[in-house]
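The values are calculated or read from the model by the stated rules, or taken from the named source; none is laboratory data. Computed from a prediction, not measured in an experiment: that's the story for all the values here. Because the Cβ atoms are built from the backbone with ideal geometry, glycine has one as well, and the counts that use them run over all protein chains shown. Heads up: the accessible areas ignore ligands, DNA and RNA and are worked out on the full protein's heavy atoms, side chains in. Shrake-Rupley method; radii C 1.70, N 1.55, O 1.52, S 1.80 Å.
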Protein chains: 2
Amino acid sequence: MVHYQARLDTTFAALSDVTRRGVLEQLGGSDASITDLAQRFHMTLTGMKKHVSILEQAGLVTTEKVGRVRTCKLGLRRLEEEATWIEQHRQLWSARFDALDELVEHLKRKEKADAQRKRR
Amino acid sequence: MVHYQARLDTTFAALSDVTRRGVLEQLGGSDASITDLAQRFHMTLTGMKKHVSILEQAGLVTTEKVGRVRTCKLGLRRLEEEATWIEQHRQLWSARFDALDELVEHLKRKEKADAQRKRR
DNA sequence: TTTACAGTGAACCATATGGTTCACTATCAA
DNA sequence: TTGATAGTGAACCATATGGTTCACTGTAAA
């Protein structure tokens with residue numbers, strides 16, 4: 001899987017822009033043309049076209065042009081890989097913090113034992 | 001929550017670089033100095049320092065300098081917000097595709113009924 | 001057959017990004 | 001005290017990004 005990392009690169013990059021996340025939310029509600037999106041996000045057609053292309057490149061959006069108008073819909077990719085990546089790392093995080101918790105617990109017990117010993 | 005979107009921006013941007021994701025994985029295994037990381041990723045100290053700063057900015061890494069060496073660890077943020085965002089959108093995706101499925105089912109039933117009617 | 005509309009592509013612009021080198025500081029070790 | 005080591009910051013570079021304008025094509029409508 002050489003492409004896996006490149007895929008994560010482009011997808012996370014696509015998601016790192018507030019306008020593009022907004023477009024995804026919009027398309028979650030209903031399909032829209034480039035003009036619709038450009039108006040909603042106060043941008044030129046050309047500007048919005050670029051965003052849509054980036055989302056399309058990342059597989060998050062698909063488009064189809066019929067007549068003059070290009071209709072944009074949510075794409076087939078459902079962020080499985082990204083969700084998986086994040087979940088794995090949440091577990092890594094948790095594991096490390098659990099280890100930290102255990103260390104703290106261990107130190108607490110040790111301290112308690114020391115205190116006991118001193119009292120005897 | 002004005003900061004929410006800006007937060008997603010910086011976090012997704014931080015995650016959109018393969019080196020930085022690598023650093024997070026490394027730190028998931030064990031803490032490391034800037035020098036350690038720079039060597040592992042074949043980069044100058046200055047270059048790695050920049051990556052670490054970006055991860056730190058995003059709250060994904062924390063660092064502490066003792067003596068000459070700055071030790072980097074996983075930060076306190078565990079990507080909750082990002083996981084939530086992705087999960088919500090996976091649901092959006094699913095909802096839309098389920099609707100599509102239903103439409104297809106509906107059309108199938110209709111077609112069947114038409115066929116029956118014709119046969120009569 | 002005009003005229004208006006939706007999109008496209010090239011060119012441009014300012015700023016951001018990912019990297020470097022170089023000069024510097026601070027610390028550790030001999 | 002003198003090196004060597006770890007990191008830092010400024011300056012620089014090439015390329016990417018997010019946006020624009022302008023000129024253009026193709027389609028729809030009057």
Would you mind giving the total buried accessible surface between chains B and A, with a 1.4 Å probe and ligands, DNA and RNA left out, rounded to the nearest 100 Å²? 3300
So for the pair A:F41, B:K50, with labels modelled 7 Å out along Cα→Cβ, what separation do we get in nm? 2.7
Inter-chain shielding of B:7-15 (mean C-beta neighbours from other protein chains, 10 Å cut-off): 5
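Using a 10 Å cut-off on Cβ to Cβ distances, tally the other chain neighbours for every residue of A:17-29 and report the average as a whole number. Walk me through the numbers before you get to the answer.
Working: counts 4, 5, 0, 1, 6, 1, 0, 4, 3, 0, 3, 7, 2.
That works out to 3 on average.
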Whole number please: convex hull volume per residue, Cα atoms of region A:3-74, in Å³. 79
Can you give the FRET efficiency for A:R7 and B:D9, using 1/(1 + (r/R0)^6), R0 = 22 Å, r = Cβ-Cβ distance, to the nearest 0.05? 0.65
Can you run phi through the Karplus equation (6.51, -1.76, 1.60; θ = phi - 60°) for region B:54-60 and list ³J(HN,Hα) in whole Hz, with x for Gly and Pro? 5, 5, 5, 4, 7, x, 8
